[in-house]
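> Here's a structure for you.
The values are calculated or read from the model by the stated rules, or taken from the named source; none is laboratory data. On a predicted model such as this, the values are computed, not experimentally measured, just so you know. So basically every Cβ, Gly included, is an ideal-geometry build from the backbone, and we count neighbours across all protein chains shown.
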Amino acid sequence: MNENKKVYSFNYGGKEVTLETGRLAKQTDASVLVSCGGTQVLVTVVSAHEMKDGQDFFPLLVEYTEKFYAAGKFLGGFMKREGRPTTGETLNARLIDRPLRPLFPEGYMFETVVSCTVMSYSPDGDPEVLAGIGASAALSISDIPFAGPIATCKVARIDGKFVLNPSHSEWENSDLEIAVAGSSDAILMVEGEAKIVPEKDVLEAIFWGHDQIKGMVEVIAKMQKEVGKPKREFVSAAANTTLMAKVKADFSGDVRASLSIVDKMERQVATKAIMAKVAKAASENPSAFGLNEGDSFKKEAYKAVDGLLYDMMRADILDEEKRIGGRKLNEVRQIETETNILVQPHGSSLFTRGETQVLSSVTIGGSAGEQMADRITGLSYNKFYLHYNFPPYSVGEARGVRGVGRRELGHGNLAERALKPIMPADFPYTTRVVCEVLESNGSSSMGSVCSGSMALMDAGVNIVAPCAGVAMGLISDGKRFKVLTDILGDEDHLGDMDFKVAGPKDGITAIQMDIKITGLTREIVEAAMTQARDGRLHILGEMEKTISTHRAEFKDNVPRVKTTKIETDKIGMLIGPGGKNIKGLQENFKVTIEIAEDGTVKVLGEDAAAINECLSLIDMQINGPKVGSDYEAKVVTIKEYGAFVDIAQGVSGLVHISELADDRVNNVADYVSEGDTIKVRVVEVDRMGRLKLSAKAAGKIEKKA
C-alpha cells in the first residue's frame, strides 16, 4: 500500500467527488486523480525552473485529452490512435485555461503545462468539470506560484430547478448550460448557452453555481494546507521602474496624442512610432532608462509604452469616463448592415460595427452535410454548425493562413451556441454558417452572431427571432469600476474583463466571460448584464433596418425538401434489392432520398414538381394504388391469358384477357404490344398485394389492324 497516497472526498451536487494525490505521476510538480461516478481524470502540472531568454509573455499550455479506452471504445476511421485534439477537447482546454491564467503572478514567464487526461469515463461523471477541479488542485498543492484554489461546475435547469453537474443524458431536458469557475469570494469565468432564457434567470444560475463551488474550494484549500509544497521564488520579468518613470516623464504627450486617434490602423502606426522613438532614446543613453548595453531596446520600449498606455487609458475611463475616440461608456459604434451580398451561396450578409466587419454565408442541404463528432461520450451528428475564420489580413498582418487555431475554434463555438437556439425545431435541412472576419477591432465573435443571424434570414430560414451579440469590458482599480459597451481591441487588451452576451430580444442564448483580475463581484456582473442588454437591443434595432424576418422563398439553387413517413418494416421495400429501387427513383427524378431509422423519408431536389411526383410514387410503392383509380401503364410482358403492365416503377399488375376489351379477345397481341402505353383502372388488390387491372373499365382499346 502506498503510504504517500492521500484521498479527499466531497459531496458535490449529490455525487461524491474524490481527489487523490501521492500515488501517480510523482516526477511532476504535482498530480491529482479526480474521480466521480466511474469517471477518472488524471491532472498533472509541470513548470520550468528556467525562463527562456527574451520571454515576454506567460507560456501557459493547458491540454485536455480524452482516451477512447476510457469508455471501452475503439476510435472510428482508419487511424486507431488518438492524435491531434478534437474540437471538443480544444474547447474544454480553453475552458480550463481561462480562469487559471489570471491567477499566476505578474511577471511569471516560466513555461507551464497543465495536462488533463480522461482515463475512465462514465455518463454519470462529467470529465470536463473534473478536469477543471483537478487543474486547480494540482496547481494549489504544487510549488508553482498560483493564487488559488478555485473550482469549476456546470449548472443545468431541469423542470425549473437548478442541477449541479448533471449526468450526460440529463442535459437533453435542460434549458440552459452554464459553466462557472470561481474562488470562494469571486467569479472568475462564465461560459454557456441557453434556450432564450431571461437575463435574471441566467444571473441566478451563475450565482447559484458560484455558491456550490465554495465547498469544493474549501476541500482543495484543506488539501493544499495538508500536502501542499511551499511556493517557489522567482524573479519577475516585469518592466523596471526606472524605465517606466523615464518613459512617462518624456513621452506622455506622445501617448496622449495616440489615444485621441479614432482609426485603429492610424493609432497603431502612431504607437509604433512612439516605441521606435523610445527605443532610439534608450539606445543612446541606456543608463537613463535603467537598461544595459546588451538589452533589447525595442522589446523594452514596447513594454514601457504598453504600460503607459495601460495606465493612461484606464485613468481616463475611471476619472473622466473618457474612451478612445471620445465614445460614451455605453455607446455602440456605428453599424452598417447588408444582405444578399454573395450570388451563389444560399444566404449571405455583411455586418460592420465600427472597425469590425464579418461576412457570413449560409449553406442548406441534406444529411450528407451533417458534421460527425466521435468522442468518448459517443457518436453525434450536428444538423447545424458554424465555422469562424480569422485571416491575418483582417488586422492588417502580412501572414499566410496556417490552419484553424484554438482561438478560432473558441470564437466559432460561442457564435454557434448563440445561433443554435434560434433555429426552428422542425427545420428539415442541415445548415452550415461560415463567418469570415474581414476586419477586426473588438469582438468579431459577436459580429459573427449578428452577421450569421441576418444570413440565416436572407437564406429563408424561419428562425425563432433575430439574434445579436455585444462584448462588454471592465476597468477597475479595486474600489471603482466602469463597464464599457462594445469594446475595442485596445480596451480588451488593456482592460480587466471581456464579457460577451448574445441572444434575441427576449433572452440570452450564449454567454462568455473572461476575467483578467483575481475576481469579479456580483455587483459588477449584474451591471454588465444590464448594460449588455441595452447594447444588444440597440444592435438588433439597427439590424432590423435591413432585414427583420426570413425571406418568404429560398433562392432557386437551394434544394427543396419534403418528407413523408412510412412503416419501418416497409423501409426495405423502398430501398429494393441491392438498393435498385431507391437508386432508380433518385436517377429518374433527379432527387436525393434519405431514410431515417424511424421511417421518415426526405426527398431533396431543386425541382418542386419532381419532388412531388417522387413522393406520389413512393406512396404508391409502399401503400399501393387506390382501387377505382385510373393510371397510365406501360405494357411489359404479353401472355396468353393477359398483359402484365407497370403502373409505375416497382408497381405492376395483370390486365387479364377478359379485361382488355368489351369484345371477346382471342389473342392479347391483337390489342396491345410490349412497350405500348395504355390506360388501366385498379379493380382489386388481393391479400397478397397483387393488382387486378382493367383496361376496358378505363377506356376503349382499338383492335390492331
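> When both residues are 6+ apart or on different chains and their Cβ atoms are under 7 Å apart, which pairs have a first residue that lies in the stretch 531-549 and is surrounded by fewer than 17 Cβ atoms within 10 Å (Cβ to Cβ), and a second that is assigned to a loop (DSSP other than H, G, I, E, B)?
Asp534/Asn330; Leu537/Lys505; Glu544/Pro466; Ser548/Pro466
> Something else about it: Within the stretch 613-648, count every residue that is without any contact (Cβ under 8 Å) to a residue 24 or more places away in the chain and within 21 Å of Leu574 (Cβ to Cβ).
Counting residues in the stretch 613-648 that are without any contact (Cβ under 8 Å) to a residue 24 or more places away in the chain and within 21 Å of Leu574 (Cβ to Cβ) gives 3.
> Kindly check whether there is at least one residue in the stretch 251-268 that is assigned to a helix (DSSP H, G or I), in contact (Cβ under 8 Å) with a residue 60 or more places away in the chain and aliphatic (A, V, I, L, M).
yes
> On to the next question. Within the stretch 166-210, can you find the residues that are out of contact with any Gly (no Cβ under 6 Å at 6 or more places or on another chain) and of a type in the set (Asp, Glu)?
If the condition is that a residue be out of contact with any Gly (no Cβ under 6 Å at 6 or more places or on another chain) and of a type in the set (Asp, Glu), then Glu170, Glu172, Asp175, Asp185, Glu191, Glu193, Glu199, Asp201, Glu204 are the ones that fit.
> Between Lys703, Lys679, which is touching a helix residue (DSSP H, G or I) at 6+ places or on another chain (Cβ under 9 Å), in contact (Cβ under 8 Å) with a residue 40 or more places away in the chain, over 15 Å from Met620 (Cα atoms) and not assigned by TED's automatic domain parsing to the domain that holds Gly572? Step through it out loud before you land on a result.
On the way: Lys679 fails: touching a helix residue (DSSP H, G or I) at 6+ places or on another chain (Cβ under 9 Å).
One residue alone meets the criteria, Lys703.
Okay, residues lined up against (1) acidic (Asp, Glu); (2) surrounded by fewer than 19 Cβ atoms within 10 Å (Cβ to Cβ); (3) over 18 Å from Glu199 (Cα atoms):
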site	(1), (2), (3)
Val470	no, no, no
Glu491	yes, no, yes
Met497	no, no, yes
Gly503	no, no, no
Ile511	no, no, no
Glu526	yes, yes, no
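> Conditions first: (1) surrounded by 16 or more Cβ atoms within 10 Å (Cβ to Cβ); (2) free of Cβ contacts under 8 Å to residues at least 24 places away in the same chain; (3) under 15 Å from Glu684 (Cα atoms). Ala610 passes all but one, so which condition is the exception?
For Ala610, the failing item is (3).
> I've got another one for you. Under 7 Å between Cβ atoms, which residue pairs at least 6 apart in sequence (or on different chains) link something in the stretch 166-184 that is among the acidic types (Asp, Glu) with a partner that is part of a helix (DSSP H, G or I)?
Here the result reads Glu177/Trp171, each pair linking the stretch 166-184 to a residue that is part of a helix (DSSP H, G or I).
> Is it the case that some residue within the stretch 568-582 is in a helix (DSSP H, G or I), surrounded by fewer than 13 Cβ atoms within 10 Å (Cβ to Cβ), on the phi > 0 side of the Ramachandran plot and outside the structural domain of Pro345 (by TED's automatic domain parsing)?
yes
> For the stretch 295-307, which residues satisfy the criterion of being over 16 Å from Asp496 (Cα atoms) and either part of a helix (DSSP H, G or I) or in contact (Cβ under 8 Å) with a residue 24 or more places away in the chain (or both)?
Listed by number, the residues that qualify are Ser296, Phe297, Lys298, Lys299, Glu300, Ala301, Tyr302, Lys303, Ala304, Val305.
> Related question: Report, by residue number, each residue of the stretch 68-87 that is surrounded by 15 or more Cβ atoms within 10 Å (Cβ to Cβ) and within 17 Å of Val114 (Cα to Cα).
Pro85
> Okay, next question. How about the stretch 232-259: which of its residues are within 30 Å of Ala151 (Cβ to Cβ) and loosely packed, with under 13 Cβ neighbours inside 10 Å?
Result: Glu233, Ser236.
> Given the options Gly209, Gly215, Gly192, name the one that is in contact (Cβ under 8 Å) with a residue 60 or more places away in the chain and not in a strand (DSSP E or B).
Of the residues listed, the single one that is in contact (Cβ under 8 Å) with a residue 60 or more places away in the chain and not in a strand (DSSP E or B) is Gly215.
Yes or no, residue by residue, for (1) at pLDDT below 90; (2) of a type in the set (Phe, Trp, Tyr); (3) closer than 28 Å to Gly365 by Cα:
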position: Gly584; (1), (2), (3): yes, no, yes
position: Asn588; (1), (2), (3): yes, no, yes
position: Asp607; (1), (2), (3): yes, no, yes
position: Leu615; (1), (2), (3): yes, no, yes
position: Lys626; (1), (2), (3): yes, no, no
position: Tyr631; (1), (2), (3): yes, yes, no
position: Glu659; (1), (2), (3): yes, no, no
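> Of the residues that make up the stretch 202-219, is at least one hydrophobic (A, V, I, L, M, F, W, C), surrounded by fewer than 24 Cβ atoms within 10 Å (Cβ to Cβ) and more than 30 Å from Gln531 (Cβ to Cβ)?
Looking through the stretch 202-219, at least one residue is hydrophobic (A, V, I, L, M, F, W, C), surrounded by fewer than 24 Cβ atoms within 10 Å (Cβ to Cβ) and more than 30 Å from Gln531 (Cβ to Cβ).
> With the requirement that a residue be in contact (Cβ under 8 Å) with a residue 40 or more places away in the chain, closer than 29 Å to Phe481 by Cα and not acidic (Asp, Glu), what does the stretch 327-351 give you?
Leu329, Asn330, Val332, Arg333, Ile335
> The conditions are (1) closer than 22 Å to Thr546 by Cα; (2) in contact with a strand residue (DSSP E or B) (Cβ under 9 Å, 6 or more places away or on another chain), and Ala373 fails exactly one of them. Which is it?
Tallying (1) closer than 22 Å to Thr546 by Cα; (2) in contact with a strand residue (DSSP E or B) (Cβ under 9 Å, 6 or more places away or on another chain), Ala373 fails exactly one: (1).
> Related question: Just to be sure I understand the filter: pairs with C-beta atoms under 8 Å, separated by 6 or more residues or on different chains, first member in the stretch 421-436 and within 14 Å of Thr363 (Cβ to Cβ) and in contact (Cβ under 8 Å) with a residue 60 or more places away in the chain, second member among the charged types (D, E, K, R) and not in a loop (DSSP other than H, G, I, E, B). Which pairs pass?
Pairs found: Val433/Glu416.
> Residues that are surrounded by fewer than 16 Cβ atoms within 10 Å (Cβ to Cβ) and touching a Phe, Trp or Tyr at 6+ places or on another chain (Cβ under 6 Å): list the strands (runs of 3 or more DSSP E) wholly contained in the stretch 315-434 that include at least 1 such residues.
Answer list for the stretch 315-434: 371-375.
> Mind counting the residues in the stretch 273-285 that are surrounded by fewer than 17 Cβ atoms within 10 Å (Cβ to Cβ), in a helix (DSSP H, G or I) and free of Cβ contacts under 8 Å to residues at least 24 places away in the same chain? Before the answer, list the steps.
Narrowing the stretch 273-285 to residues surrounded by fewer than 17 Cβ atoms within 10 Å (Cβ to Cβ): 273, 276-277, 280, 283-285.
Narrowing further to those that are in a helix (DSSP H, G or I): 273, 276-277, 280, 283-284.
Next cut, free of Cβ contacts under 8 Å to residues at least 24 places away in the same chain only: 273, 280, 283-284.
Total meeting the criteria: 4.
> Counting only residues that are out of contact with any Lys or Arg (no Cβ under 8 Å at 6 or more places or on another chain) and small (Gly, Ala, Ser), which one in the stretch 638-668 is surrounded by the fewest Cβ atoms within 10 Å (Cβ to Cβ)?
Ser658
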